[in-house]
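Notes follow once the structure below has been shown.
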Amino acid sequence: QVRLVESGGGLVQPGGSLRLSCAASGRIFRINDMGWYRQAPGRPRDMVATITSDGSTNYADSVKGRFTISRDSAKNTVHLQMNSLKPEDTAVYYCNSRVISPLPIREDTYWGQGTQVTVSS
């Protein structure tokens, strides 16, 4: 099994910054795509940012220019630097990873437990 543990959420004022981190552990041979998704009350879970194993990134239009996703493949971690935060960024943020497990080789998608980000004055 694989476990994803997020950290770094909290309360911040509009215009402020937060950095989310997610660490994957367990039976990992390789991690392909990693990403961050968010879900606000009464809304579906939406993609925020993704990063492939070769470092290619993709962002939701609403966060382009404000958020930056990065990963450390040696440590199986992914980060989301969030700047110029707005009240509409308030949501539970979830880490997501597509993990290749060894023996037998198989790919599965895993989710973290979520971390709350609240942007409010």
*Whenever you get a sec, compute what percent of the accessible area on the range 27-90 sits on carbon and sulfur atoms (1.4 Å probe).*
46 percent
*Which of these values of Cα extents along the principal axes in Å was calculated from the structure shown: (i) 39, 25, 25; (ii) 49, 30, 24; (iii) 50, 26, 23?*
(iii)
*Determine ³J(HN,Hα), in whole Hz, for all residues of the range 30-42 in sequence, where each value follows from phi through the Karplus function 6.51 cos²θ - 1.76 cosθ + 1.60 and θ = phi - 60°; x replaces Gly and Pro.*
7, 10, 7, 5, 10, x, 10, 10, 9, 9, 8, x, x
*asked:* Connecting C-alpha atoms closer than 10 Å in a GNM of the chain, tell me which of Asp89, Asp61, Asp33 has the biggest fluctuation.
replied: Asp61
*Could you point to the residue in Tyr94, Ala23, Ser84 farthest towards the positive end of the range 1-110's charge dipole, with +1 and -1 charges on the Cβ of Lys/Arg and Asp/Glu respectively?*
Ala23
_Using the Cα centre of the range 1-120 as the reference point, and only Cβ charges (+1 on K/R, -1 on D/E), how large is the resulting charge dipole? Debye, rounded to the nearest 20._
160 debye
*Taking a spot 7 Å from the Cα of Ser101 along the direction of its beta carbon, which residues of the range 53-79 have an amide N less than 20 Å from it?*
76-77
*How much accessible area per residue does the chain have, in Å², with a 1.4 Å probe?*
53 Å²
*Amide H to amide H, which residues 5 or more places from Gly16 or on other chains are under 5 Å from it, using H placed in the peptide plane?*
Leu85
*Ranked by how many other beta carbons lie within 10 Å on average, peptides 103-114, 36-47 from highest*: 36-47, 103-114
*Measure off 7 Å from each Cα along the Cα-to-Cβ vector at Ser53 and Phe29, then give the distance between these two points in nanometres to one decimal.*
1.0 nm
*From the Cα gyration tensor of the range 25-79, with a ≥ b ≥ c the square roots of its eigenvalues, which class applies: rounded if a/c is under 1.5, or else prolate if a/b is larger than b/c, or else oblate?*
oblate
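The values are calculated or read from the model by the stated rules, or taken from the named source; none is laboratory data. These figures come from a predicted structure and were not determined experimentally. For neighbour counting, all protein chains shown are included, and Cβ atoms are generated from backbone atoms with ideal geometry for every residue, glycine included. With ligands, DNA and RNA removed, areas are computed over all heavy atoms of the protein, side chains included. Shrake-Rupley method; radii C 1.70, N 1.55, O 1.52, S 1.80 Å.
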